[in-house]
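All remarks here apply to the structure that follows.
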Amino acid sequence: MNILILGSGGREYTLAWKIGESEKCNKLFVAPGNAGTAQIAHNVALNPGDFAAIGKFVLDENIDLVVVGPEDPLVNGIRDYFEADPELKDIAMVGPGQAGAQLEGSKDFSKSFMEKHGIPTAKSKTFTADNINEGLSYLDTCNTPIVLKADGLAAGKGVIISESRDEAKTALKSMLVDKQFGEASSKVLIEEFLKGIELSVFVLSDGTDYVLLPEAKDYKRIGEGDTGLNTGGMGAVSPVSFANTDFINKVKSKVIEPTIEGLKKESIDYKGFIFIGLMNVGGEPYVIEYNVRMGDPETQVVFPRIESDVAELLYAAAIGNLKNISLQISDLVATTVVLVAGGYPEAYEKGNVIHGLADVTDALVIHAGTKQKDYKFVTNGGRVLAITGQGETLEEALEKSYYGAKCISWDDMYYRKDIGKDILALQVNQLK
């Protein structure tokens with residue numbers, strides 16, 4: 001098969017690395033890719049939002065499978081564009097159409113979907129600038145902390161957790177009136193705060209059947225101890241020790257199966273990933289949010305644990321044939337530590353020369369915000385690299401990730417030193 005991956009981050013690098021291992025993969029392209037994907041595939045200077053240019057490339061290069069990495073092209077209807085074109089409609093694609101992509105594109109839609117199909121989630125109400133006074137009054141009835149979520153896409157940063165009602169009122173005004181997150185916050189959900197331990201599960205659906213991929217836990221805040229601003233993700237671990245068989249069975253029966261059945265009932269032919277952000281509240285799963293693609297940096301720990309042929313797996317999902325796929329998962333633990341440019345997630349420099357890449361020999365170096373300049377790798381984004389280690393234990397995997405991180409440097413590099421430490425502490429407590 002000739003395969004095209006859309007996107008340019010660490011998720012897309014990991015997908016390219018794993019797909020490239022398959023004997024079924026003939027030519028592999030990444031659009032637009034990064035300096036790392038250029039080493040393992042063919043980078044193509046295409047914008048994932050330029051559907052006409054992508055369609056032309058797919059036809060010119062006889063592409064058999066398109067794997068959509070980021071959410072924007074899905075929410076904006078790349079599948080619908082392909083299906084409406086007689087020459088493109090039969091191209092296999094991993095990623096839902098616009099109707100299914102609303103699960104991520106609109107928090108209001110996803111909440112209504114969960115309520116309609118009996119999927120456990122936090123109580124919430126939605127407000128706009130037109131009824132902001134009702135929203136402010138509603139906040140007086142809420143217990144603290146209070147969660148405020150922008151309805152639309154906000155690059156993983158449209159969630160504010162307020163410790164007081166006054167703080168929540170200020171945040172609501174900032175989101176609705178001052179358009180803190182642009183059009184994404186033209187509607188805002190005020191949501192009950194769920195106290196528990198967060199994790200993510202990942203499902204690959206072919207519209208009828210599904211396979212459950214390894215679960216993961218990521219670390220969103222910039223600061224150690226989960227402090228500071230939200231980011232796209234500073235690290236991840238898989239598997240998650242508190243997600244035992246009993247809990248995962250509850251996730252299947254109470255969340256995944258009602259989600260798949262709900263999509264069918266609404267006549268949404270969903271072929272792609274469903275990333276379900278969950279809170280484990282006293283052993284019960286509650287859905288925080290849906291995403292309609294793989295997570296970043298979760299992909300960097302989920303896909304290294306998949307032993308099956310990933311090209312075959314993705315193609316089966318795209319053509320509705322998952323029932324004939326048996327998924328093999330490694331027992332090894334995977335951890336990833338994200339190395340970021342100083343100042344991220346706010347202003348940061350680009351163009352700093354990266355040193356020490358060749359010194360990492362016992363972990364996978366995953367490129368995200370990188371480019372090549374004069375035969376050197378330089379920083380080209382906020383999240384620059386991720387270092388994925390694998391081992392028999394969480395300690396062993398983390399040791400490999402952190403040793404790899406210490407080998408690499410550039411001016412003003414930063415990474416969290418506490419990825420996985422909360423899971424290690426839980427494991428110690430469970431042994432007591």
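Could you please tell me which pairs satisfy a Cβ distance under 8 Å, a separation of 6+ or placement on different chains, a first residue in the range 35-46 that is touching a residue at least 60 places away in the same chain (Cβ under 8 Å), and a second residue that is of a type in the set (D, E, K, R)? Sorted first by the residue in the range 35-46, then by its partner, the pairs are Ala35/Lys371; Thr37/Glu12. How many residues are within 15 Å of Leu88 (Cα to Cα) and open to solvent by less than 20 Å² (accessible area, probe 1.4 Å) if we restrict to the range 10-54? Final tally of qualifying residues: 1.
Can you say whether Phe57 is closer than 30 Å to Ile354 by Cβ, assigned to a strand (DSSP E or B), in contact with a strand residue (DSSP E or B) (Cβ under 9 Å, 6 or more places away or on another chain) and open to solvent by less than 40 Å² (accessible area, probe 1.4 Å), as far as the supplied structure shows? So Phe57 does not fit the description; no.
Looking for whichever is under 26 Å from Ala341 (Cβ atoms) and either in a loop (DSSP other than H, G, I, E, B) or touching a residue at least 60 places away in the same chain (Cβ under 8 Å) (or both) here; the options are Ser200, Ser241. Which one fits?
Numbers: Ser241 fails: under 26 Å from Ala341 (Cβ atoms).
On inspection, the qualifying residue turns out to be Ser200.
Of the numbered criteria (1) closer than 22 Å to Gly20 by Cα; (2) among the hydrophobic types (A, V, I, L, M, F, W, C); (3) assigned to a strand (DSSP E or B); (4) out of contact with any Ser or Thr (no Cβ under 7 Å at 6 or more places or on another chain), the one Met294 fails is (3).
Across the range 215-243, the qualifying residues are those that are of a type in the set (S, T, N, Q) and surrounded by 14 or more Cβ atoms within 10 Å (Cβ to Cβ), and the one among them that is modelled with the highest pLDDT is Ser238. Restricting the range 389-432 to residues that are in a loop (DSSP other than H, G, I, E, B) and of a type in the set (D, E, K, R), the residue that is farthest from Asn230 (Cα to Cα) is Lys432.
For the range 337-376: of the residues being outside any loop (DSSP other than H, G, I, E, B) and of a type in the set (S, T, N, Q), which is most open to solvent (accessible area, probe 1.4 Å)?
Gln372
I'm told Ser174 meets every condition in (1) in a strand (DSSP E or B); (2) of a type in the set (Ser, Thr, Tyr); (3) over 30 Å from Gln328 (Cα atoms) except one. Can you identify the failing condition by its number? Of the numbered conditions (1) in a strand (DSSP E or B); (2) of a type in the set (Ser, Thr, Tyr); (3) over 30 Å from Gln328 (Cα atoms), the odd one out for Ser174 is (1). Only one entry of Thr141, Thr128 meets the criterion of being open to solvent by 50 Å² or more (accessible area, probe 1.4 Å), modelled with pLDDT of 90 or more and β-branched (Val, Ile, Thr), and that entry is Thr141.
This table checks each residue for (1) among the small types (Gly, Ala, Ser); (2) within 24 Å of Glu183 (Cα to Cα).
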| residue | (1), (2) |
| --- | --- |
| Gly49 | yes, yes |
| Val75 | no, yes |
| Ser112 | yes, yes |
| Ile119 | no, no |
| Phe127 | no, yes |
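With respect to the conditions (1) free of Cβ contacts under 8 Å to residues at least 40 places away in the same chain; (2) out of contact with any helix residue (DSSP H, G or I) (no Cβ under 8 Å at 6 or more places or on another chain); (3) not polar (S, T, N, Q), Glu87 lacks only one, and its number is (2).
Please find, within the range 70-95, the residue that is most open to solvent (accessible area, probe 1.4 Å) out of those that are part of a loop (DSSP other than H, G, I, E, B) and within 21 Å of Gly232 (Cβ to Cβ).
Restricting attention to the range 70-95, the residues satisfying the condition of being part of a loop (DSSP other than H, G, I, E, B) are 70-71, 76-77, 85-91, 95.
Add one more test, that the residue is within 21 Å of Gly232 (Cβ to Cβ), and what stays is 70-71, 76, 95.
Values: Pro70: 27, Glu71: 31, Asn76: 100, Gly95: 2 Å².
In this case the residue turns out to be Asn76.
Give me the residue from the range 144-171 that is without any contact (Cβ under 8 Å) to a residue 24 or more places away in the chain and assigned to a helix (DSSP H, G or I) and, out of that set, least open to solvent (accessible area, probe 1.4 Å). Reasoning before the result, please.
Initially, the range 144-171 is screened for residues without any contact (Cβ under 8 Å) to a residue 24 or more places away in the chain, giving 160, 162-164, 166-167, 170-171.
Then keep just the ones that are assigned to a helix (DSSP H, G or I); that gives 166-167, 170-171.
Numbers: Asp166: 111, Glu167: 85, Thr170: 94, Ala171: 11 Å².
Per the criteria, the residue is Ala171.
For the range 244-276, a tally of residues being surrounded by 14 or more Cβ atoms within 10 Å (Cβ to Cβ), in a helix (DSSP H, G or I) and in contact (Cβ under 8 Å) with a residue 60 or more places away in the chain returns 6. Restrict the check to the range 353-372 and report whether at least one residue is more than 15 Å from Cys407 (Cβ to Cβ) and free of Cβ contacts under 8 Å to residues at least 40 places away in the same chain. Checking the range 353-372: not a single residue is more than 15 Å from Cys407 (Cβ to Cβ) and free of Cβ contacts under 8 Å to residues at least 40 places away in the same chain.
Scanning the range 107-125 for residues that are out of contact with any Leu (no Cβ under 6 Å at 6 or more places or on another chain), open to solvent by 20 Å² or more (accessible area, probe 1.4 Å) and at pLDDT below 95 yields Asp108, Phe109, Ser112, Glu115, Thr121, Lys123, Lys125.
The values are calculated or read from the model by the stated rules, or taken from the named source; none is laboratory data. Just so you know, these numbers come straight off a predicted model, no measurement behind them. Every residue, glycine as well, gets a Cβ built from its backbone with ideal geometry; the counts of neighbours run over all protein chains shown. When the accessible area is computed, the model is the full protein with side chains, heavy atoms only, and any ligands, DNA or RNA have been set aside. Shrake-Rupley method; radii C 1.70, N 1.55, O 1.52, S 1.80 Å.
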